[in-house]
Each structure stands twice: as C-alpha cells, then as structure tokens.
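Worksheet for the structure shown next.
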Amino acid sequence: MSGIGVITAVGRSAIAEVFHTLVVQPTSFCNLDCAYCYLPDRRSRRLMTVEVARACATSIAQQGSEHPVSVVWHGGEPTATPIGHFRNLLTAFEPLRRTGRVRHEIQTNATLVDQRWCDLFTAYRFEIGVSVDGPGTLNRNRVDRAGRQTADRTMRGVQMLADAGLEYSVICVVTPETIDHADDLIDFFTDLPGCQSVGFNIEEQEGAARQPVTEEAAYRFWRRLVQRRTAGSGLRIRDLDRLADYLTAARAGHVDHTAHEPIPTVSWDGQVVLLSPELLGITDSEYGDFIAGNVVEEPIIAMIGRAGGLRYVTEFVTALNDCADRCGFYDFCRGGQAGNRYFEHGSFTVRETNFCRTTRQALVRAAADHLTQTGGPA
C-alpha cells in the first residue's frame, strides 16, 4: 500500500492510486470577470508550454492503466489560448487519443468560439461544456473586464456550436440571485440549441465574499426540478440523473465503492495540485502552496504515490473516512469535495460543508419528500 492508500472503517480505499481525470490549464487568463470567480491569476496571459503538455501525456502513458483518461482543458478560459498554440498542445496527446487512452474535454464560456474552434473540436472529438447561468439578467454575474454583460456573446458561441453539429453540456452556477428561478432556467436550457444536459452548481464559497445560498432555498430549487422532471420535462439534468443512477444501483446492491479520484490539476507551468482544481494558485500560511510536484520533473503517478506526506491530503483522507463512518448521505455524496472544506472553513478536517447541505443533502431530501407525497419514482 502506498502512503496515500488510507483505508476506511468499511475497508474502502480513500484515494485512488491512479487517475482517470487530468485537468490542464492551457492559460491562466480569462476574458471574463465573473462576480463569483475564485481564480487568482485570471488577468495573466501566461501559456502552457508544449514541454508541459508532453510531460502530461507521458504521465498518462506511464501510469499503465488501460482505463481512458479524460484530459479536461480548463482555465482561465481555454479558448483565450491562441488556437495555433492550442493545436500544438494537443499534438502531444495524439498517440494516446488515437489508441483510445485519452479523450479531450473542454469547459468554455463560449464567448470566443468561432468556426476555427468548432473545426478543432470536431477534429479531436472534444466533449464540450459551456458555462452559462441562464437567459438575460439571470446571467448577470458573468461580465467582462469592462463590466458588460456577456449573455449575447455566449449565445453566439452556442449557436456556432449548434450550427456545426456539435452537442454540448452546460454548467450553470445557481446564485442567491437566481435560486428562485428554477422554472425560468429549465425553460431556457430546454430550448437552448445543441444543449444535451445541464448541471446546476449551487454557488460555492471559493474566495469571493458573497452571501451563500441557504439550505432552504436550495431545497426549494431541487424540489421544483424534481417536480418538473416527473411532470414530463425532457431536459436532462446531471444532478437528478446522478441521484436516479445511485438509487438504481442501490436497489440492485451495486453501490459504487471505488476510491476517491485524486484529480491531478496541472498549471500552465507544470505545477500539480491534487484533489481540487480550485487549489491551483492558492497559497496558505498553514498549508503552503498545495503543490505536489512539477510534471516536467516527475510523473504524476509518483506524486500520487507519495501524497500521504502532504498535510492537506492526509487531513482530507481523515475527514473522508469520518464521513464514511458517520454520514447517512455518504454512499451518494462520496464525501464532498476538498476545495469546499478548505474555502468554507480554512481546513480539510471538517466533516460537513454548506456544499454538502445545499448540493447533496437538500437534493436527496427534495427527491425523498416528492416520492413520499406522490408515491411515484423521480
């Protein structure tokens, strides 16, 4: 057993020893200035080098797993990278992609998407995620550097994707300003061309000094989504689908007991953090910079193997095991996220977070109450 292979009281490994998701930052720059954004370096135009991309590909090849790795191009805003340079970064992964060991994903605000990007997404078979919070004023937290609204620019990019025959999923951040607009959001995403599904992220506390969404408001939001689903809404909602899949597996006795993903995230200069992409670029007086190593200097699998020596990792593992032993929501929730523990409490040892309460517990309670009152499946 490696240093990170801590075992829970029920015999499950807390953290996996291989990774199936690799988050990479082609640029730290973002062309937007969203009210809730946590990124510390989003004004910097630094770019990932081809050397770092090659080292990432080598790390994937060296870990020896036949399970495909999702390379998630995040940011900053990935499409703020000059497209020629972005192609050069992708070249490093081509031998792995062509043999089915890598698949590419991108999360974009879509404001810079044009035909060239659509052609690139098609050529490399990208899975595309678009970040948009709803129509008109419901998207008002997503502004550019001049404070101007960006909804129209995002819609132009979305239409480009649809016209190119490219499907995409959406991540919608639900804020205190929009939490009571469930019907407006459902109607908007149902009619959005090319949108295959939407994931609703209740706004998380990640450095921005904003009022959090309450558990009661979150409960009302999820309850309305469940009501619309059972009334015949055809919109695929990630969160409801996950809960339905969990319930199906639980009934069949096949609850997922796999280990927690290490989620290595690689910065533009090759620095690697584990467990939470949100930790990239953060420095703390207690935990330092959260860096596990540099991918140019050593493979990621080696960093994971000795991650038990990192204070934030060991604290998270302890808290994760505590969740498994004591929390009735654990089998569905899988212990929450490291970033939420840190940004809400300045520590990884806390067992429950506001994220747990609004995004997992409120969802489960809303679905359970609906089932109890209607007697029907969600």
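A few points about this structure:
- Filtered by the rule that a residue be part of a loop (DSSP other than H, G, I, E, B) and in contact with a strand residue (DSSP E or B) (Cβ under 9 Å, 6 or more places away or on another chain), segment 85-101 gives F93, R101.
- Restricting segment 24-43 to residues that are crowded, with 17+ Cβ neighbours inside 10 Å and of a type in the set (A, V, I, L, M, F, W, C), the residue that is farthest from L89 (Cα to Cα) is C34.
- For segment 66-84, a tally of residues being surrounded by fewer than 16 Cβ atoms within 10 Å (Cβ to Cβ) and either over 22 Å from the mean Cα position of the chain (by Cα) or assigned to a helix (DSSP H, G or I) (or both) returns 4.
- Selected residue (criterion: farthest from the chain's Cα centre (by Cα)) from residues of segment 277-321 that are charged (D, E, K, R) and under 18 Å from G339 (Cβ atoms): E286
- Single residue of segment 350-378 satisfying the filter (surrounded by 14 or more Cβ atoms within 10 Å (Cβ to Cβ) and hydroxyl-bearing (S, T, Y)) that is farthest from T265 (Cα to Cα): T358
- Filter result (under 30 Å from D331 (Cα atoms) and either in contact with a Ser or Thr (Cβ under 7 Å, 6 or more places away or on another chain) or part of a strand (DSSP E or B) (or both)) within segment 17-35: E17, V18, H20, T21, L22, V23, V24
- Conditions (1) under 16 Å from A182 (Cβ atoms); (2) out of contact with any strand residue (DSSP E or B) (no Cβ under 9 Å at 6 or more places or on another chain); (3) not acidic (D, E); number of the one not met by L225: (2)
- Identity of the residue in segment 98-157, small (G, A, S) and free of Cβ contacts under 8 Å to residues at least 24 places away in the same chain, that ends up nearest to I171 (Cα to Cα): A151
- Annotation for segment 221-242: no member residue is buried (at least 18 other Cβ atoms within 10 Å of the Cβ), at pLDDT below 95 and among the charged types (D, E, K, R).
- Residue under evaluation M303, criteria (1) touching a strand residue (DSSP E or B) at 6+ places or on another chain (Cβ under 6 Å); (2) in contact (Cβ under 8 Å) with a residue 40 or more places away in the chain; (3) more than 24 Å from T175 (Cβ to Cβ), criterion not met: (2)
- Residue check, A250 of a type in the set (A, V, I, L, M, F, W, C) and in contact with a helix residue (DSSP H, G or I) (Cβ under 8 Å, 6 or more places away or on another chain): yes
- Residue ID - nearest to V158 (Cα to Cα), chosen from residues in segment 55-84 that are among the aliphatic types (A, V, I, L, M) and touching a Lys or Arg at 6+ places or on another chain (Cβ under 9 Å): A80
- Of the numbered criteria (1) in contact (Cβ under 8 Å) with a residue 40 or more places away in the chain; (2) under 27 Å from F343 (Cα atoms); (3) among the polar types (S, T, N, Q), the one Q211 fails is (1).
The values are calculated or read from the model by the stated rules, or taken from the named source; none is laboratory data. Note that the structure is predicted; figures quoted are calculated from it, not measured. In this analysis, Cβ positions are derived from the backbone assuming ideal geometry, glycine residues included, and neighbour counts consider all displayed protein chains.
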